[in-house]
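Accompanying notes for the structure given below.
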Amino acid sequence: MTAPVVLSALAVDLAAWFPRHDPQQAPESVYTFAVASAIKMLIVFTLYMLGVALLTLAERKVSAWIQDRRGPNRAGPFGLLQPVADGLKNLMKEEVRPAGADKWLFIIAPMLAFIPAMLVWAVLPLATPLPTPWGLIDMAVATLPVGYLFMLAVSSLGVYGMVLAGWSSNNKYSLLGSLRSSAQMVSYEIALGMSTIPVLLLAGNVSLDAIIAQQAHMGWNVLSLTVAWFIFLVAAFAETNRLPFDLPEAEAELVAGYHTEYSGMKFSMFFIAEYANMATMSGLMAALYFGGWDIPFTQWDNEAPYSVLKTLATLSMFAAKTGVFLFLFMWVRWTLPRFRYDQLMTLGWGIMLPLALGYILVVATATLALDWLGVPRDWRFTMSLLALNVVLTALLLLWGDRGRLVSPASARLDARELARRRARSTVAPSTAMGAPSARVLATASDTEAQQAPAAQEVGA
Amino acid sequence: MTPFYRFQFYLFALMAIGAALLFVTRRSPVSAALWLVNVMFALSGLYVMLDAPFVAAVQVLVYAGAIMVVFIFVVMLLNLGRPGQLPDLREVAPRLGAGVVGIAILANLLAVRRDALPTVALEPHADNVVTPVAELLFSDYLLAFELTSIVLLVAVVGAVVLAKRKAAP
């Protein structure tokens, strides 16, 4: 048999395995499905790893920009090769395993921290389906009917990596850091889950495709569920252990938290996991509250026939939305100070959880009432919910602020409030001003409570 | 069962049994808890193969989270040392009791005839996997559902009361 014969026979086989199909219909052949899935996995994995590597650079660039520096600019143009240099450096470094460490758990902990974050991207719909000669290909690696539940289940596994890292290191700082992180993540996971229930109430389905279709039809959930989005945002910061909730790795107290004993590529894995988690949370926020790949103010992208142009346009839209949230994560990190641990727990259990539960009740009641009033499920429904949300947000801000934050720091306090705050603050104003360590630990409200009397005295 | 499904069934079943055996034989409570997570994942895989993705997702969501709490509890409260220094807490009587219960359950499973099990017709593939579950929960099983809710509520209130109680002076 000559080569052309073999090749033509192979071509016939391939054509039988991957039959041509209407580009606007899902492919019927199992082989097409399997190969398309494999290709999607490869592409998403590659892009994801590349994106995470660039995120570490972006974080340094953003921090430099915020602090009026130049940031890394030696390796490659604009420092673009800096992640490669960092990666090489980490590969070359010696990996240390502390005495008394649990060998296997010490090795798998970094992987367990990283893999769950990446798994969530398997179900996120990235764009409208792509028409190919072999049929219509979904632009999510796996279009699960339980995409939302899968995402919740998988993201709840990320905490295992941190706890195991701390426990297996045989180091008290690591253990304390990991216990903090697990308590924090388990607490905020509840608020996170509860804040997404209203999304399900509106969509009436747990498939992410259905959630995005509902938003494309009715308007983004950030309009109809503003308070839920706010809770999700706060919980997302806590879940990713980013400032202002980065207590697990509070350097001044715990050396570096759960990854104190890690070095070389294993340390790098935790670092990558942090950015992977950020990317995942940003993608989720875009999908659940900002319409996913939906392009606003047009219905062009939501309707068949699908085209390559539509896929590309919606893909860029999703990337842009995710990018905005990634920038927000970095912006907040270089702007806000860290919370104290008891404040973090009080916020999680005392404010976020009741707020999320109450909001579920409000949204359920409002949805029932609007349906009963006969408001059609389109922009009118969203606008009615938006009106409710504006009122709720205003009330929430007024209650949360109680004359502390929105009013300027120089605002005068009445005598009774002043006496109350003086009695409450345990650190005398003069020492708080002088001691930098006390200042770092104090949060916005405490610092202000201590500064306010001083401002008052200066004013008087 | 097609060969594909049969292969997946044996794969996940073996994973579940293997992980369960490792779970009961580990001396370190942390490794044991991790193997238990593995069992839950294998069971979840079996549910997916039974075309019940909702149950599969909830299985991971609820049990992985619950085991995490057990985990923290073990590490934080019991203050267990390294596996080598760990005394065996189990005594002979509970071990025998557990063995008897295990054999009884196994005998029960072996005694049940396959054709005596109820067979359920396959539901047509639905777009919305929550609706069938919700419809049953809020109609036929409403009483059981509400009773379970009350049990959970009582447990939560009890936990809060216990946590709030001041130590006796």
Partner lysines for residue A:310 [C-alpha distance under 26 Å; skip if fewer than 8 residues away on the same chain]:
A:40, A:321
Can you compute log10 of I(q)/I(0) for region B:126-169 with the Debye formula, treating each Cα as one identical point scatterer, at q = 0.14 Å⁻¹?
-0.53
Inter-part gap, Cα centre of region A:285-328 to Cα centre of region A:366-392, in whole angstrom, is 24 Å
With a 1.4 Å probe and all protein chains kept in place, how much accessible area does residue B:15 have, in Å² rounded to the nearest 10?
80 Å²
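Determine the calculated [θ] at 222 nm for the protein assembly as shown from helices alone, applying -39500 (n - 2.57) to every DSSP H run no shorter than 4 residues and normalising by the residue count; nearest 500 deg cm²/dmol. Numbers along the way, then the final one.
On the way: 26 runs with 424 residues, N = 629.
Here the helix-only value at 222 nm equals -22500 deg cm²/dmol.
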Gap in Å between the Cα centre of region A:95-156 and the Cα centre of region B:137-169?
34 Å
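Out of all Cα-Cα pairs in region A:100-226, roughly what percent, to the nearest whole number, are more than 17 Å apart? Could the numbers behind the result be given before it?
Values: 5342 of 8001 pairs.
Tail of P(r) above 17 Å: 67 percent of Cα pairs.
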Explain nothing, just compute: Karplus ³J(HN,Hα) = 6.51 cos²θ - 1.76 cosθ + 1.60, θ = phi - 60°, for every residue of region A:120-135 in order, whole Hz, x for Gly and Pro.
4, 5, 5, 10, 6, x, 8, 6, 5, x, 9, x, 10, x, 9, x
Calculate, axis by axis, the spread of Cα positions in the protein assembly as shown along the three principal axes, and write the results as whole Å, longest axis first.
97, 72, 64
Whenever you get a sec, line up A:333, B:26 from highest to lowest accessible area (probe 1.4 Å, protein heavy atoms).
B:26, A:333
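Loop only by DSSP, 13 or fewer other Cβ within 10 Å of the Cβ. Give me the trypsin sites (Lys or Arg not before Pro) in region A:1-92 that pass, ordered by residue number.
On the way: sites: A:20, A:40, A:60, A:61, A:69, A:70, A:74, A:89; in loops: A:20, A:69, A:70, A:74.
In loop regions of region A:1-92 (DSSP not H, G, I, E or B), the sparsely surrounded trypsin sites (Lys or Arg not before Pro) are A:20, A:69, A:70, A:74.
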Counting Lys and Arg as +1 and Asp and Glu as -1, what is the net charge of the other residues whose Cβ lies under 14 Å from the Cβ of residue A:352?
-2
Please arrange A:185, A:345, A:383 by accessible surface area, largest first, computed with a 1.4 Å probe and ligands excluded.
A:383, A:345, A:185
Whole number in Å², please: accessible area per residue of the protein assembly as shown, 1.4 Å probe, ligands, DNA and RNA not counted.
56 Å²
Per-residue HN-Hα couplings for region A:31-48 [Karplus 6.51, -1.76, 1.60; θ = phi - 60°; Hz; x = Gly/Pro]:
5, 4, 4, 5, 5, 4, 4, 4, 4, 4, 4, 4, 5, 4, 4, 4, 4, 5
From phi via Karplus (6.51, -1.76, 1.60), per-residue ³J(HN,Hα) for region A:234-239 in Hz, x at Gly/Pro:
4, 5, 5, 4, 5, 5
I need the chymotrypsin sites (Phe, Trp or Tyr not before Pro) found in region A:251-325, filtered to DSSP loop residues with at most 14 other beta carbons within 10 Å of theirs.
A:297
For residue A:89, go through the lysines and keep the ones whose alpha-carbon is under 16 Å away, minus same-chain ones fewer than eight residues off.
A:266
5 angstrom amide H check on residue A:137, placed H, neighbours 5+ away
A:130, A:132
For residue B:166 and residue A:80, extending 7 Å from Cα along the Cα-Cβ vector and measuring point to point gives, in nm, a value of 6.7 nm
Comparing the chain by itself with all protein chains present, which residues of region A:193-241 are at least 40 Å² less accessible (probe 1.4 Å)?
A:205
Computed accessible area, residue A:2, all protein chains, 1.4 angstrom probe, square angstrom
80 Å²
Please give the solvent-accessible surface of residue B:23 in Å², to the nearest 10, using a probe radius of 1.4 Å with every protein chain present.
70 Å²
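As a test of reading the structure, rank A:21, A:259 by solvent-accessible area (1.4 Å probe, protein chains only), most first. Don't skip to the answer; put the middle values down first.
Numbers: A:21 50, A:259 25 Å².
The most accessible residue leads, giving A:21, A:259.
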Region A:1-95: which GluC sites (Glu not before Pro) are DSSP loop and have at most 11 other beta-carbon atoms within 10 angstrom?
A:94
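The values are calculated or read from the model by the stated rules, or taken from the named source; none is laboratory data. Bear in mind that the values here come from a model prediction, so they are computed numbers and not experimental data. Neighbour counts run over all protein chains shown; Cβ positions are idealised from the backbone, glycine included. Just the protein is used for accessible areas: all its heavy atoms, side chains included, with ligands, DNA and RNA removed. Shrake-Rupley method; radii C 1.70, N 1.55, O 1.52, S 1.80 Å.
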